[in-house]
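Notes to accompany the following structure.
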Amino acid sequence: MPSIEEISDTLKLLSDKSRLTILALLKHKEMCVCDIVGILATTQPNVSQHLRKLKSGGLVRETRKSQWIYYALDVEDKPYLKPVIEQLPSMQRQIDAATPQVCT
């Protein structure tokens, strides 16, 4: 059972619009930083900073595929977040409309 402090820290991570949007994207599929950058229309350092915080908070995991790093949701150990994640709006339209990026 998580402590109040752990839950509080996790919910603080979700209070940022960009981080919440990243979680909504990752709800659909794992993604590379460059794909997230394209959808959010922001900079790579900005997205990387948000992903670092989400990873540090235990909300995402990274997987290396060749030279690229892909991020995916990792909230199985946080059942109190399941209702929040389920309520995030679908980002499938934005994912489908995005031009696939070749990370450089």
For a test of the definition: using alpha carbon positions, the gyration tensor, and the 1.5 limit on a/c, classify the stretch 14-80 as rounded, prolate or oblate. oblate
Between residue 42 and residue 17, 0.36 nm times their residue separation minus their Cα-Cα distance comes to what? 7.7 nm
Considering only DSSP beta bridges with both partners in the chain, what is the antiparallel share in %, to the nearest 5? 100
Percent RCO, i.e. relative contact order, over the chain, from Cα pairs under 8 Å lying at least 6 residues apart: 34
About the Cα centre of the chain, how large is the charge dipole given +1 on each Lys and Arg Cβ and -1 on each Asp and Glu Cβ? Please answer in debye to the nearest 20. 220
Net charge within 12 Å of residue 1 by Cβ-Cβ distance, Lys/Arg positive one each and Asp/Glu negative one each, not counting residue 1 itself? -1
The stretch 71-76 - phi-based ³J(HN,Hα) in whole Hz, Karplus 6.51/-1.76/1.60, Gly and Pro as x: 10, 9, 4, 9, 10, 4
Sorted by chain and number, the residues with a modelled amide H under 5 Å from that of residue 60, at a separation of 5 or more or across chains, are 55, 74
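We did not get these values from a lab; they are worked out from the coordinates using the rules stated. Since we're looking at a predicted model, the values are computed, not measured. Because the Cβ atoms are built from the backbone with ideal geometry, glycine has one as well, and the counts that use them run over all protein chains shown.
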